[in-house]
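Enquirer: This is the structure I have questions about; it appears just below.
What follows is calculated from the coordinates using simple rules that are stated; it is not laboratory data. Just so it is clear, the model here is predicted, and its values are computed rather than measured. Positions of Cβ are backbone-derived with ideal geometry, glycine not excepted, and every protein chain shown enters the neighbour counts.
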Amino acid sequence: MQPEPITSRNLTSSNSLLSVTDETQVDFKPHSVIEPEVVEALIKPVQDSQIYSTQPSAYDSPRSREQNQKVEVLCHTLERHRGDRQLIVLQDFPDPDALSSAWTYKLIAQKFDIQCDMVYAGTLSHQENIALVKLTSLPVQRWGLPSLKNRNLTLYQGCALIDNQGTTSQLMPALQAAGIPITVVIDHHSAQGDMKAEFVDIRPYTRATATILTQYLQAGLLKLDNNSNEHIKCATALMHGLRSDTNALRQAQEEDFLAAAYLSRFYDGQLLNAVLQSSRSKQVMDVIERSLKNRIVQNNFSIAGVGYLRYDDRDAIPQAADFLVTEENVHTAVVYGIVQDEDDDIELVVGSLRTNKITLDPDEFLKEAFGQDTQGRFFGGGRSQAGGFEIPLGFLSGFTESAEYAKMKWNVFDTQVKQKLLRLINPDQHYHNGMS
Ligand SMILES: [Mn+2]
């Protein structure tokens, strides 16, 4: 007969969350003999002062008292909502970090008998995101705005915002109007202002929401099981999310590496490879071609306007910027185009910035270049090495049959965007209509 595995639960009467955490750590090698002092060290709470100064054991993550408290509070919050049904709201253009983190939350919530539906209002447009959803059977649904009136929102007692704070989802006003409270917010963007939520875990200094969710797993909120296909796929998705928000780990910090190390026990490397090798659509290739043809390079900046694109191809813009920034003697690329949403008859100038220049702050650069609208909202913003902007065409918005008119309209916006950018790139020169 196998001896009962040594866990901190057997060893201590305390049933604090920390002991749950330690159980996972010890269980990892259930057959090994564990020295009493190791057990002692595992069950001892981590002191704040030790956290970043000492070397944690190989698979241990630096847990601050604050992080432990978050786990405990989340646990209580979910406990209070046992039996509820929740909506997990993703940003309109969900990325791998959002998709994988939301899925993990869904699985954690399930342990508390909370059934979740993961929804987004926009489009999955990056081929890697489409591949991720298809290959892992990731349970996400598109809830376009027009479909909302046919949905029964009274089914939901709360919602969870994962990798966002509600400001990047078109669904929020409708959910708020329906009186659905925000139960949980887990995010790593800077706080976006006042928001009423029952549980909030916002960590602007953490590189990926997937890292936060992995820490919840490590803390014992859900024990991953290597025999569960769903768990393996979710761990693979988290690994992808973590990699994609840390520039393939190049910008990862200690906690991201520790999270990745933990996930490495469960994820499927071949599946991740398949997701990463998904091919680009013809539309994306066409946009990249246009960006190459139209680019102008000045002072190590590469700038390209790519004309009109369909809403579904919007993600081609950051991909073109990713490509242009690889050119010799270019440190920063900006690609933009007019994105047409034919359903809603809306047009926007959408742009992306990518930079390798450490001293260039994309957030500052884009805010300075494009300024803000009449309500004081900036047209653009960013994080390290990447940024984006969206400028509504307003009165000039709307699809037109006349090719000549469309061309004229593009020329006006193209010139205006270039002028704003070149003013910052070549501050000594004066640009009249961006042409000189
Ligand atoms: Mn993220």
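Enquirer: With a 10 Å radius around each residue's Cβ, average the other Cβ atoms per peptide and rank 422-429, 88-95, 307-314, 322-329, highest first.
Expert: 88-95, 307-314, 322-329, 422-429
Enquirer: Expected output is a single nm value to one decimal: the length gained when fully extending between SER397 and PHE257, i.e. 0.36 nm times separation in residues minus the C-alpha distance. What is it?
Expert: 45.9 nm
Enquirer: Whole-Hz Karplus ³J(HN,Hα) for the stretch 136-145, in order, using 6.51 cos²θ - 1.76 cosθ + 1.60 and θ = phi - 60°, x for Gly and Pro?
Expert: Per-residue couplings from phi come out as 9, 6, 5, x, 10, 10, 8, 10, x, 4 Hz.
Enquirer: Also: What net charge is computed for the residues neighbouring ALA174, neighbours being all others with C-beta under 11 Å from the C-beta of ALA174, Lys and Arg scored +1, Asp and Glu -1?
Expert: +2
Enquirer: Additional query: Grab the eigenvalues of the alpha-carbon gyration tensor for the stretch 282-425, scale each by 5, take roots, and send me the semi-axes largest first in whole angstrom. Could you put the intermediate results ahead of the total?
Expert: Values: eigenvalues 109, 64, 35 Å².
So the three semi-axes of the stretch 282-425 are 23, 18, 13 Å.
Enquirer: If R₀ is 41 angstrom, what is the calculated FRET efficiency for the pair ASN226 and ARG377, using the beta carbon separation as r and rounding to 0.05? All intermediate terms of the calculation are to be shown ahead of the outcome.
Expert: Values: r = 47 Å, r/R0 = 1.14.
Step by step, r from the Cβ atoms, then E = 0.30.
Enquirer: Expressed in nm to one decimal, what extension gain is obtained for the pair ARG250 and SER137 from 0.36 nm per residue of sequence separation less their Cα-Cα distance?
Expert: On the way: separation 113, 0.36 × 113 = 40.68 nm, distance 2.80 nm.
Residue separation times 0.36 nm, minus the Cα-Cα distance, leaves 37.9 nm.
Enquirer: Okay, moving on. How much length, in nm to one decimal, is gained on full extension between TYR405 and GLN110, taken as 0.36 nm per residue of separation minus their Cα-Cα distance? Don't jump to the answer; show the numbers that get you there.
Expert: On the way: separation 295, 0.36 × 295 = 106.20 nm, distance 5.37 nm.
Stretched out fully, the TYR405 to GLN110 stretch lengthens by 100.8 nm.
Enquirer: I've got another one for you. Obtain the nm distance between the two label points defined at ALA177 and GLU368 by a simple spin-label model: each point lies 7 Å from its Cα along the Cα-to-C-beta direction.
Expert: Output for this residue pair reads 4.1 nm.
Enquirer: With θ taken as phi - 60° and the coefficients 6.51, -1.76 and 1.60, list the Karplus ³J(HN,Hα) couplings across the stretch 318-331 in order, rounded to whole Hz; mark glycine and proline as x.
Expert: x, 5, 5, 5, 4, 6, 4, 6, 7, 6, 4, 6, 10, 10
Enquirer: Here's something else I'd like to know. Estimate the FRET efficiency between ASN300 and GLN429 by the formula 1/(1 + (r/R0)^6), using the beta-carbon distance for r and 22 Å for R0, to the nearest 0.05.
Expert: That gives a FRET efficiency of 0.90.
Enquirer: Once both labels are modelled 7 Å past Cα along the beta-carbon direction, what's the LYS149-MET285 spacing in nm?
Expert: Modelled inter-label distance: 4.1 nm.
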